[in-house]
């Protein structure tokens, strides 16, 4: 009975959920002066801090694209437009949350431009090399995981997160527990405090890339 109750509580865990993801950035957002640049592909990895009331509090650049204008513009647009449903703790109560994603910017002066894309999930928080992947799973395979982080920074209740994101993740059921196990051992979550300076809990997420070893 206790095991069932704990499982039910953990099932209420939720990272922040974007309500208008497709409205964050559009092709028309490039300023005219940047359209004069050469063809290219830039990916900006960001971590978005969402308060317990759903308010976006911060946009942290996790991985830079090599184009400082694209980096800055990405966070400026997201802070202006993004709306969220707040993260939920294991008991269903709203808490601070972190949403991790990557935004790709493409400039092309060619009618049929096919840029060389970076490796799939190249902004992953954790890379895991394995000798074999589950049957039917191609390398690389991505797992998007979410987990509870208590005030001391301890991770628990790790599970897969729906891939409603700019980065598509397969979330293969055989790989999710491996991803969670490694995140619990190695991932360094962000820490947060309330207005009085007391450490508070949060729900965060991370992207794990599984690749078949050569």
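The values are calculated or read from the model by the stated rules, or taken from the named source; none is laboratory data. Predicted model, so just to flag it, every value in this text is computed and none were measured. All Cβ positions, glycine included, derive from the backbone under ideal geometry; neighbour counts span all protein chains shown.
Inspect all residues belonging to the stretch 10-23 and state whether any of them is over 22 Å from residue 206 (Cβ atoms), at pLDDT 90 or above and over 18 Å from the mean Cα position of the chain (by Cα). Full working, then the answer.
The initial filter retains those residues of the stretch 10-23 that are over 22 Å from residue 206 (Cβ atoms), namely 20, 22-23.
Next, from what is left, pick out any that are at pLDDT 90 or above: 20, 23.
Filter once more, so that each one left must be over 18 Å from the mean Cα position of the chain (by Cα): none.
Taking every residue of the stretch 10-23 in turn, none turns out to be over 22 Å from residue 206 (Cβ atoms), at pLDDT 90 or above and over 18 Å from the mean Cα position of the chain (by Cα).
Of these, 206, 174, 179, which one is in a loop (DSSP other than H, G, I, E, B) and in contact (Cβ under 8 Å) with a residue 12 or more places away in the chain?
174
Within the stretch 159-169, take every residue that is crowded, with 19+ Cβ neighbours inside 10 Å and touching a residue at least 24 places away in the same chain (Cβ under 8 Å) and give me the one that is farthest from residue 47 (Cα to Cα). First the steps, then the outcome.
If we filter the stretch 159-169 for residues that are crowded, with 19+ Cβ neighbours inside 10 Å, which is where we start, we get 160-161, 167, 169.
When the remaining residues are screened for being touching a residue at least 24 places away in the same chain (Cβ under 8 Å), the result is 161, 167, 169.
On the way: 161: 15, 167: 13, 169: 17 Å.
Going through the qualifying residues, I end up with 169.
Residue under question is residue 54, and the condition is that it be in contact with a strand residue (DSSP E or B) (Cβ under 7 Å, 6 or more places away or on another chain), under 25 Å from residue 145 (Cα atoms) and at pLDDT 90 or above; does it hold? Quick ask: steps written out before the conclusion?
Numbers: in contact with a strand residue (DSSP E or B) (Cβ under 7 Å, 6 or more places away or on another chain): yes; under 25 Å from residue 145 (Cα atoms): yes; at pLDDT 90 or above: yes.
Judged against the criteria, residue 54 is a match.
Just need a number here: residues in the stretch 73-87 that are farther than 19 Å from residue 122 by Cα and surrounded by 17 or more Cβ atoms within 10 Å (Cβ to Cβ).
Qualifying residue count, the stretch 73-87: 8.
Suppose we keep only residues that are in contact with a helix residue (DSSP H, G or I) (Cβ under 9 Å, 6 or more places away or on another chain) and assigned to a loop (DSSP other than H, G, I, E, B) within the stretch 64-79. Which one would you say is modelled with the lowest pLDDT?
67
When the residues of the stretch 85-119 are filtered to those that are modelled with pLDDT of 90 or more and in a loop (DSSP other than H, G, I, E, B), which remaining residue is nearest to residue 65 (Cα to Cα)?
Among them, the one singled out is 86.
Just checking, how many residues over the stretch 133-158 are part of a loop (DSSP other than H, G, I, E, B) and surrounded by fewer than 19 Cβ atoms within 10 Å (Cβ to Cβ)?
12
Quick check on my filter: what residues within the stretch 43-72 are under 12 Å from residue 105 (Cα atoms) and buried (at least 20 other Cβ atoms within 10 Å of the Cβ)?
Result: 43, 44, 45, 65, 70, 71.
For the stretch 184-195, give me each residue that is farther than 16 Å from residue 95 by Cα and either in a loop (DSSP other than H, G, I, E, B) or touching a strand residue (DSSP E or B) at 6+ places or on another chain (Cβ under 8 Å) (or both). Full working, then the answer.
Let us first name the residues in the stretch 184-195 that are farther than 16 Å from residue 95 by Cα, namely 184-188.
Across the stretch 184-195, the qualifying residues are 184, 186, 187, 188.
Based on what the data block shows, is residue 142 under 12 Å from the mean Cα position of the chain (by Cα) and closer than 24 Å to residue 48 by Cα?
Considered against the rule, which asks whether it is under 12 Å from the mean Cα position of the chain (by Cα) and closer than 24 Å to residue 48 by Cα, residue 142 comes out as yes.
Determine which single condition residue 37 fails, assuming it passes every other condition in (1) modelled with pLDDT under 75; (2) touching a strand residue (DSSP E or B) at 6+ places or on another chain (Cβ under 8 Å); (3) under 29 Å from residue 95 (Cβ atoms).
It is condition (3) that residue 37 fails.
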